[in-house]
Amino acid sequence: MSDTTSEEAHVVVKGLKHRFASGLQAVNNTDLEARRGELIVVVGPSGCGKTTILNIVAGLIGNQEGTVSVSGKPPVAGRKDVAYMFAQDALLPWRTVMGNVLFGVEVHGGKASITDAVRAKATQLINNIGLSGFEDFYPRQLSHGMRQRTALARTFMMDSPLLLMDEPFGALDAHTKLTLEQELLTLWEQSRRTVIFITHDLAEAIFLADRVLVCSARPGRILASIAVPFERPRDLKALQQSDDYHKLYQRIWSLLAREMDAAHA
Amino acid sequence: MREQAIPQPRTHMRFEFVSASLKLNLGRLAIGAAFCFVWWALVAGGVVSAFHVSTPGAVAAYLVQAPKELLPHTAATLGAMMSAFGLAAVCGILGGLLLVEVPYLRRLIDPYLTGFNSMPRIALAPLFILWFGIGSTSKIALAFSLGFFIVLNSTVAGVKNIDPMLMRLSRTLGCTPAERFFKITLPWALPTVFAGLKLTLIYSFLGVVTSEMIASRSGLGYLVMYYSGIFRIDAVLGILFVMAIVAILLTMVADFIEQKLVGHWTESVNLPV
């Protein structure tokens, strides 16, 4: 990816509104823009409609009001240029780690696309996420963190330039979560794709993001877009010792805390 | 010589495994032997009469001379059973898939299915005999009427309980309906369908033997009725023993196939590291 394209808007959301069938207003007047190769993280209180926004961008939910475009085209579920990673691993229990990592590629390109080169790439990826030696294991034989790693590798195995990640590490324990965040950053730095990452964990957001978007309490809209200036590759320990990190954390936290209170009121 | 000094954990483990399974099987044999001994002692002590319960020796004597008679009848029972099982499997799976694909149809015929399935099927046997005669067709019909619903219900259950996350995954990946069916729905439903098929195997056996006991000219059920009619308790018990062996063998074959087909991913296995 050349620098000239890096300023180009990849995902553009304008004036998005969404009301569920129950009448609940989930998203209200949301604007969001992700440039090509940018890693943006959306934080917000639970139930603020972050996932709904992501589902609309993925084309899983129809767009009711406002405009959404991905690479200039309206979203449709199943586009090969968009990969989605969920909070649950969604691994196929009858496929091994290798089989699961290859699954997305196989659906996109057919069985014939699984060449030796693709297998070699998958093996490399499995190596990078620390699962080498587990290629032939079935999901049932893996720990929670290992399964989510496999799902991460499946997502990165596809060549989709846009990755949508819906709290992918939300269900992991704190330690495993940090490891996976680090692994995500490593993979992302190898091939900078556009990432829209959703979380309610502010530390995770700052560690990963180029830009943090703060989502309001429901009905959700984007309250603020805050650039995270820290250099990459980032080191969480070093980051946590810097005053800038804590200042930024406090600044976003004060915004977020108000919304969380509103969400509970 | 030096190699002998090196401990060989693998061989050791295998040896322990063999001795453990040997112990288990010896224990199982001991239970059978104890049962036979109590049986023999009750008859020998005059507590129960040999006329009613026969003796282990008489049953063994019958079984020794019986193969010539038992083989064709066992073959007749197994043949009818396999036909019923095959029909129930094919019709049940296809019917189940149809009901999942057309939910309206399922809602439409649901009361009929429930009604028919909760009816004691043995009550249908006289009708089937009237319609199809006392040959193998009426046996197959009764066994099919039991097995079909088991396969149908397990297929519907297997497809319906699919993990919604996998359906979401298939949508985001852009799976075609055929890909979704063959790569996700079908393998997902397989263990449940297989559990239904295993049950159907045993129920087909039950259905065929029941039908044979009501009216038939061949099969193990027919033999049981024949011998109990002439008070040959030794033969009746011998045939029951054969039936039990057949049922155990069928279950073992089904377990083996299940293990080969889905065992590697459904069985919870401990990490070997």
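The values are calculated or read from the model by the stated rules, or taken from the named source; none is laboratory data. All figures in this text were calculated on a predicted structure; none of them were measured in a lab. We place every Cβ from the backbone using ideal geometry, glycine too, and count neighbours over all the protein chains shown.
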Checked pairs for region A:243-254, first modelled with pLDDT of 95 or more, second among the hydroxyl-bearing types (Ser, Thr, Tyr) and assigned to a helix (DSSP H, G or I), C-beta under 6 Å and 6 or more apart or across chains, list as none
Quickly run through region A:115-145 and pick out the residues that are within 12 Å of chain B (Cβ to nearest Cβ), in a helix (DSSP H, G or I) and touching a helix residue (DSSP H, G or I) at 6+ places or on another chain (Cβ under 8 Å).
-> A:PRO139, A:ARG140
Hey, any hits in region A:68-79 for a residue that's outside any helix (DSSP H, G or I), buried (at least 23 other Cβ atoms within 10 Å of the Cβ) and touching a residue at least 60 places away in the same chain (Cβ under 8 Å)?
-> yes
For A:VAL107, the lone unmet condition from (1) closer than 30 Å to A:ASP201 by Cβ; (2) at the interface with chain B (Cβ under 9 Å from one of its Cβ atoms) is (1)
Mind checking which strands (runs of 3 or more DSSP E) fall wholly inside region A:167-265 and carry at least 2 residues that are closer than 26 Å to A:SER143 by Cα?
-> A:194-199
Do we find that A:ALA217 is within 18 Å of the chain's Cα centre (by Cα), buried (at least 20 other Cβ atoms within 10 Å of the Cβ), in contact (Cβ under 8 Å) with a residue 12 or more places away in the chain and over 19 Å from A:ARG154 (Cβ atoms) in this structure?
-> no
Could you run through region A:225-265 and say how many residues are among the charged types (D, E, K, R), over 15 Å from A:LEU39 (Cβ atoms) and touching a Leu at 6+ places or on another chain (Cβ under 8 Å)?
-> 1
A:SER132 passes all but one of (1) under 14 Å from A:PHE86 (Cβ atoms); (2) free of Cβ contacts under 8 Å to residues at least 12 places away in the same chain; (3) of a type in the set (Ser, Thr, Tyr); which number fails?
-> (1)
Scan region A:32-54 and give yes if some residue there is under 20 Å from the mean Cα position of the chain (by Cα), surrounded by fewer than 22 Cβ atoms within 10 Å (Cβ to Cβ) and over 30 Å from A:PRO229 (Cα atoms), otherwise no.
-> no
Quick check: is even one residue across region A:95-110 in a loop (DSSP other than H, G, I, E, B), touching a residue at least 12 places away in the same chain (Cβ under 8 Å) and either out of contact with any strand residue (DSSP E or B) (no Cβ under 7 Å at 6 or more places or on another chain) or farther than 16 Å from B:GLU179 by Cα (or both)?
-> yes
Working carefully through the options B:LEU190, B:LEU206, B:LEU199, B:LEU220, find the one that is surrounded by fewer than 19 Cβ atoms within 10 Å (Cβ to Cβ), more than 13 Å from chain A (Cβ to nearest Cβ) and closer than 22 Å to B:VAL253 by Cα.
-> B:LEU199
Quick check: is even one residue across region B:160-182 away from chain A (no Cβ under 14 Å), surrounded by fewer than 18 Cβ atoms within 10 Å (Cβ to Cβ) and either out of contact with any helix residue (DSSP H, G or I) (no Cβ under 6 Å at 6 or more places or on another chain) or on the phi > 0 side of the Ramachandran plot (or both)?
-> yes
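Condition check ((1) aliphatic (A, V, I, L, M); (2) under 19 Å from B:TYR222 (Cα atoms); (3) at pLDDT 95 or above) across all residues:
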| residue | (1), (2), (3) |
| --- | --- |
| B:PRO103 | no, no, no |
| B:LEU108 | yes, no, yes |
| B:SER118 | no, no, no |
| B:ALA125 | yes, yes, no |
| B:GLY135 | no, yes, no |
| B:ALA141 | yes, yes, yes |
| B:VAL151 | yes, no, yes |
| B:THR176 | no, no, no |
